[in-house]
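Here is the structure we will look at.
The values are calculated or read from the model by the stated rules, or taken from the named source; none is laboratory data. Computed from a prediction, not measured in an experiment: that's the story for all the values here. With ideal geometry, Cβ positions are generated from the backbone for all residues, glycine too; neighbour counts draw on all protein chains shown.
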Amino acid sequence: MKVYIGCFGSGLGHASRMLEVAGELSARGATIEFSSSGEVASLIAARGYRCNRLPLADVRYSEDGEFLVKETLLDSFSIMAKSYRQFSAELENIGRFTPDVVLSDSALPTVLAGKALRLPAFTVLNQLNLTSSHTRIGALSRLLSVGTSAGMGRLWRFSDGVFLPDLPPPYTISEKNLWGSSVAKARYVGFISPTGGLTPDGPALEFAQDSRTRVFWQVSGPPRTRTPLLRKALELSKELNAKFVFAVSGGDPSGSTRAVRTPGGWFYEWCEIAGFYFRNCDVVVSRAGHGTVAQAIISKKPSLLVPIPKQPEQEGNADKAARLGVSIVVRQDRLNLATFEESLGRLAGEGFRARAADLGEVAGGYDARASIVDALEGAARRGRR
C-alpha cells in the first residue's frame, strides 16, 4: 500500500501525530510520502521520510506570540493564494506518487487534490473554528468563526472519513474548536501521542530520581510564539530551584538535542526524549496545543497550561482541560513567580494527580494509530477491486 500524507505546516503537533501513524503504516509494509511547510517539513524529513515542501499558509502572530485576528483577515487573500498554490503543488505531487490512499492532518489542499484525482482521502482534524467560544468574542471574530466553520465544514466533507484525534464527550479536549460543526463521516479515535522514545540520557535519569517536585516544561508552537514562554521558563525555574527541579524543552526542531545544565535543572533546545520526561515528571508546564495536552493526559500528569495569547484553539483546549480538573490555566501576562509557584503546589497535590490518573485510564482505552491505519487499508483494498 502507498499512502500520501499531507501535514498542516504550522505547529509541530500535526507532524508528531502523522509520524506516529506513519510508524504504524511502515510496520505494516506501506510506502509513505509526505508534504508540509517550514520547520514541520524539516522535522518530517529528519525522520527519514520524503517530504514535498509547500508554501506556508497560516494565520498571523505578533512578536509577543499573540494571535492577530484583524491582521489575519486583512491577509486573507494572500493566505488563500498560498492555499491555491498548495493545491496545485499537491495535484502534481500526488499524481507523481500515485498512492492508493491520501491522508491529511488539517491540510485541506491535500484532501481536495486527492479527491480531484479520484483517490480515497481521509482527514485527521481537531479544529474547525478560528474562535473558541460562543461568547466573549467581538463581531469581527464571530464573523470569522462562523464563516470558517460553515465553509470549512462543507469542504472537509469531501473526505471519505474524518478522524477526530480526541476522546468522545464528555472528555473531548477540542470541543470548543468543533462547536457548530456538522462534518459527516467523523468519528473519535482517541489521542495520537508519541510512544516509546530514545534511551534517556544522564540528566534525564538524574531528573527522574530527584526528591524535589519534578517539572517538565515543554515550549511548543509556531516559532514566533515560543520565545516569550521560553524566557519565562528559564527565569522562573531559576527562582524556584529550592523546591522544584526543571527540565525545559525549547521546542526548536533544528536545535541541539544535548542537555545543558541551568540554575533550575536542564535545558534542551530540542528534546528527543520528551516522552521519558512526560512519564517521569510530577507536573507538566506547556502551551495548550492539542498534542501536548493529549500527551500529558496519556502520561497521567496534571498540567499548568499557558495558551498562546488570543489563540482560539489553545484557549479552548486549556479551558476544557481545566474543567476536567486535570489542568490549571494561567495567562501569559499573569505568569509570574507568585502565580507559578502557587499553581505548581496545587497541581502536585493529590486531587489533580488522581483526576489526571483517571482521565489517563480513559485515554489508554483507545488505539488511534490502529483505527486510522485499518481504515486506510480498507479503502486501499476497495480501490483495488
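The figures follow:
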| quantity | calculated |
| --- | --- |
| Unmet criterion (only one of (1) assigned to a helix (DSSP H, G or I); (2) farther than 18 Å from Leu164 by Cα; (3) out of contact with any His (no Cβ under 7 Å at 6 or more places or on another chain)) for Glu20 | (2) |
| Checking Arg231 against (1) assigned to a helix (DSSP H, G or I); (2) in contact with a Gly (Cβ under 9 Å, 6 or more places away or on another chain); (3) more than 19 Å from Gly11 (Cβ to Cβ); (4) of a type outside the set (Val, Ile, Thr), the condition it does not meet | (2) |
| Among residues of segment 34-48, those that are surrounded by fewer than 19 Cβ atoms within 10 Å (Cβ to Cβ) and over 17 Å from the mean Cα position of the chain (by Cα), counted | 4 |
| Cβ-Cβ under 9 Å pairs, at least 6 apart or on other chains, segment 236-253 side more than 12 Å from Asp210 (Cα to Cα) and not assigned by TED's automatic domain parsing to the domain that holds Val219, far side among the hydroxyl-bearing types (Ser, Thr, Tyr) and exposed (fewer than 15 other Cβ atoms within 10 Å of the Cβ) | none |
| Residue check, Ser256 surrounded by fewer than 22 Cβ atoms within 10 Å (Cβ to Cβ) and at pLDDT below 90 | no |
| Within segment 23-41, considering residues that are small (Gly, Ala, Ser), part of a helix (DSSP H, G or I) and out of contact with any Lys or Arg (no Cβ under 8 Å at 6 or more places or on another chain), the one farthest from Ile192 (Cα to Cα) | Gly38 |
| Residue that is surrounded by the most Cβ atoms within 10 Å (Cβ to Cβ), among those in segment 365-385 that are part of a loop (DSSP other than H, G, I, E, B) and at pLDDT 95 or above | Tyr366 |
| Residues (closer than 12 Å to Ile192 by Cα and among the acidic types (Asp, Glu)) located in segment 360-385 | Asp367 |
| Qualifying residue in segment 208-224 (condition: under 28 Å from Ala354 (Cα atoms), of a type outside the set (Ser, Thr, Tyr), at pLDDT 95 or above and in a helix (DSSP H, G or I)) | yes |
| Looking only at segment 188-240, and only at residues there that are over 30 Å from Leu164 (Cα atoms) and of a type in the set (Gly, Ala, Ser), the one that is surrounded by the fewest Cβ atoms within 10 Å (Cβ to Cβ) | Ser211 |
| Residues being buried (at least 24 other Cβ atoms within 10 Å of the Cβ) and among the charged types (D, E, K, R) - total across segment 267-312 | 2 |
| Residue selected from segment 166-207 under the condition assigned to a helix (DSSP H, G or I) and at pLDDT below 95, by the criterion farthest from Val124 (Cα to Cα) | Lys176 |
| Helices (runs of 4 or more DSSP H) fully within segment 42-118 counting 1 or more residues that are more than 16 Å from Ile5 (Cβ to Cβ) and modelled with pLDDT of 75 or more | 76-97, 108-116 |
